[in-house]
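Since every read-out is calculated from the coordinates, none of them should be taken as a lab result. Keep in mind that this is a model prediction, so the values were computed, not measured. Quick reminder, even Gly has a Cβ in these numbers, built from the backbone with ideal geometry, and neighbours come from all protein chains shown.
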């Protein structure tokens, strides 16, 4: 039963992520419905898997906080405590943390045993919260990227195991695969793949004759009139009469027309830009790598 569920998970995640990769490449956007549907299916499989494992009621109950924090991502509401929806969400978040905290307390107190059936939901909950924080802190740049890895946390609360010898790299230290979960491993490998981007930027800048500097590692120069026709973030803008640059926090696309107009008025013909990298693509490749090879870090343990 569990092998069949894991196989279904893999088929689903590859199908959805390949579709999302194509959409991300063509438009740099992935429809919210893609992740809403995948997460909903993931929650259903999560419940089915726990029931097939004869999980205790406390483990099943952890799916409620997980479901809330997932669906809250798609809830178009006002933040803070100045609206009824904001107050309701704050109460629900508080209740979710209290309940997960209670589950951890019962484990520490010895009332229930720390098992795969309990660790799966608890780790999935904290992974979702972690990925939300990553998005807020700009560690994960795109909203679709954050939703994608959150869906992975729901779909893969445990590492899938289908065939003997797959994945090739497994940890020898007990518990390390719980701490470094499947979605976190995928995010790590995808980030490693993305490290190749600066190599491309250096090659492009050398080819165009642009002097190599710190900026050449994160972007390239583009004529102002070409910016709107490319999938790029603007790294330069005018602050009054002062020319500003930031690679860590490129300008919001909503400001693009105004920024370009100000740059033209200042007589600037070329600006530094960086690609809107379709991160879903390296994530899809990372899923395949982690499924077949495993997390390369596990070779250290």
With axes computed from alpha carbons, what is the tilt in degrees of helix 196-208 against the longest principal axis of the chain, rounded to the nearest 10 within 0 to 90? 10
So what's the angle, to the nearest 10 degrees on a 0 to 90 scale, between helix 63-72 and the longest Cα principal axis of the chain? 20
Rounded, prolate or oblate: pick one for the chain, where a ≥ b ≥ c are the square roots of the eigenvalues of its C-alpha gyration tensor, a/c under 1.5 means rounded, and failing that, prolate if a/b is larger than b/c, else oblate. prolate
Taking R0 as 45 Å and r as the Cβ-Cβ distance between residue 95 and residue 228, the FRET efficiency 1/(1 + (r/R0)^6), rounded to the nearest 0.05, comes to 0.45
Which of the three applies to the range 1-140, rounded, prolate or oblate, going by the alpha-carbon gyration tensor with a ≥ b ≥ c and a/c under 1.5 meaning rounded? oblate
Helix axis angle, 280-292 relative to the chain longest principal axis, alpha carbon, degrees: 40
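Ordered by packing density, taken as the mean number of other Cβ atoms within 10 Å over each peptide's residues, highest first, how do 46-55, 207-216, 239-248 rank?
Working: 46-55: 16.4, 207-216: 11.7, 239-248: 10.2.
Those peptides, ordered most packed to least, come out 46-55, 207-216, 239-248.
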Using Cβ counts within 10 Å as a stand-in for footprinting exposure, how do 197, 284 rank, fewest first? 197, 284
Length gained when the stretch residue 113-residue 8 is fully extended (0.36 nm per residue, less Cα-Cα span): 35.0 nm
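Normalising by the residue count of the chain, find the relative contact order in percent from Cα pairs under 8 Å and 6+ residues apart.
Numbers: 334 pairs, mean separation 65.4, N = 301.
Once divided by the residue count of the chain, the mean separation gives 22 percent.
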Which shape class, rounded, prolate or oblate, goes with the range 36-105 when its Cα gyration tensor gives a ≥ b ≥ c as root eigenvalues, a/c under 1.5 marks rounded, and past that a/b bigger than b/c marks prolate? oblate
Highest to lowest packing among 102-111, 121-130, 145-154, scored as the average C-beta count within 10 Å: 145-154, 121-130, 102-111
